[in-house]
Each structure stands twice: as C-alpha cells, then as structure tokens.
Amino acid sequence: MLSFALQFFNGLQITVVLAFVSGLLGSLLGLLVAVVKLSKLRVSALVGQAYTTIVRGLPELLVILVVYFGGTAAITALTGRYVEINAFAAGVAALMIVFGAYCAEIFRGAILSVPQGQAEAARSLGLKPWQIWLFVILPQMMRVALPAYGNLWISLVKDTSLVSVIGLTDIMRVAFIGAGSMRAPLTFYLMASALYLALTSLSLASFRALERRIQIPGH
C-alpha cells in the first residue's frame, strides 16, 4: 500500500499541473476567442462562433480521444513513421480546447457588461488600445466573470480524470490500477474521491476569497 501512496502523490502532482497548464492556456485562448467574436470582422466572428458551438456540443472525453489519436495520426503522416503523441501534451491540448470554448462565452458576456463609456473615457485621456484593455476593460470584466469562471475551473479539475483513458498516470489512473491489482476497488476509488474533493474544495475556497477581495463595497 505504501507504493500506491507514493503513486497517488505523483498522480496528484500530475493532476494539479495538468489543470493549471490547461487552465492557463485555455483562459488565454478563451479571451482571444471572446475578442474575436466581438470583432467587427464578420469572418472572424463566425470562426469564433463555430469554434465555441462545435466544442461545447461535444463530450469532453470525445475531444480528448480525437486530439490524442488525431495528433498521433497527423505526426505519423508527417514523419512517415508511427509516432505516438505524448499523453500529457494531448491532455493539455484537449482540456485547453474545451476550457477555452466555455471561457470564451463567459468572457464575452463579461466584456459586454462593461459600459462603452469606460473605453471612450480612456481614449479621451490618450490611452492606447492595449492600455484600455489591460487597465480598464479586463479588471472590470473579471469582476463579473469570476463566479462563473470559478465554477468552470472546478469542472476542469474534475475533467482531468478523463485523461486517464489515454494512459496518463494521474489520480484516476492510479486508482484504476490499484483497484485491479489489489482487488480493493472501494478503497482506491474512495481515496481518489478524497483527493479530488480536496482539490475542488481548495479551489472553491480560493475563488470565494478572491471574489470577496475584488468586490465593490456596497454591491
């Protein structure tokens, strides 16, 4: 059991890193897509709309499998020999794509909630477009987006368990292997449940503290 305790610890590290990397990249992707969807360029807006519609309409597990096997097939075709894509890289890419699609909708709604007069006032003060986004729009939109973003982050942490199907040794994979080899499925799956619950509880407490910190007094 000691060896499995160490494996659970390693699996926990992989799960945390997977969530943070895919969450960070997915947030950047979501913000970019949100800006694209609000663009006056019709083609760009349609591309952004197609991305969010398609990805949100597919199960997360299916996206992971398509990215993993599709990436393997693409690299194999390009190199002329069989090359299996790294499971961690595939997991990050798939979760980033899914997380980014949902983030895009959250960020788009939050951006629209910022009064246009704020940007106009910033322009009148001589601020450049990137300064308006960084110092005026982003701080105000994040206050609006944070509650929904926090819920989405918790979903991302739980969705990391799906990456175990492509061989990544995360919490869920360790639990699956241990349950089979030790013939104690309840023990191992309860341990995995405790670890995921600890991660989601910590995330929930962190986002609640952040919400209290950035909220406007009297609102």
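Just a few scattered comments:
- Taking N as its residue count, the alpha carbon Rg of segment 23-140 over 2.2 N^0.38 Å: 1.33
- Stretching Leu197 away from Ala119 to a fully extended chain increases their span by 24.0 nm, per 0.36 nm per residue minus the current alpha-carbon distance.
- If you plug the beta carbon distance of Arg208 and Gln13 into 1/(1 + (r/R0)^6) with R0 = 30 Å, you get a FRET efficiency near 0.75.
- Whole-percent carbon and sulfur share, accessible surface of the chain, 1.4 Å: 69 percent
- Largest first, the three principal axis extents of the alpha carbons in segment 124-219 are 69, 31, 13 Å in whole numbers.
- Considering only Ala194, Met142, Thr15, the residue lying farthest towards the positive end of the dipole of the chain is Met142, judged by Cα position with unit charges set on Cβ.
- Convex hull volume per residue, computed on the Cα atoms of the chain, equals 156 Å³.
- For segment 48-111, the fraction of C-alpha pairs more than 17 angstrom apart is 47%.
- Rounded D (µm²/s) - segment 127-183, Kirkwood Rh over Cα pairs, Stokes-Einstein at 10 °C, 1.306 mPa s: 109 µm²/s
- Stokes-Einstein, applied to the Kirkwood radius of segment 1-75 over Cα pairs at a viscosity of 1.567 mPa s and 4 °C, places its translational diffusion at 85 µm² s⁻¹.
- Euclidean distance of C-alpha centroids, segment 182-197 and segment 150-178, integer Å: 13 Å
- For the chain, the Cβ-based charge dipole about the Cα centre amounts to some 440 debye (Lys, Arg positive; Asp, Glu negative; other atoms uncharged).
- Alpha-carbon centroids, segment 64-94 and segment 111-126: separation in whole Å: 44 Å
The values are calculated or read from the model by the stated rules, or taken from the named source; none is laboratory data. Keep in mind that what you see is a predicted model, and the values were worked out from it rather than measured. We place every Cβ from the backbone using ideal geometry, glycine too, and count neighbours over all the protein chains shown. Surface areas here come from the heavy atoms of the whole protein model, side chains and all, with no ligands, DNA or RNA. Shrake-Rupley method; radii C 1.70, N 1.55, O 1.52, S 1.80 Å.
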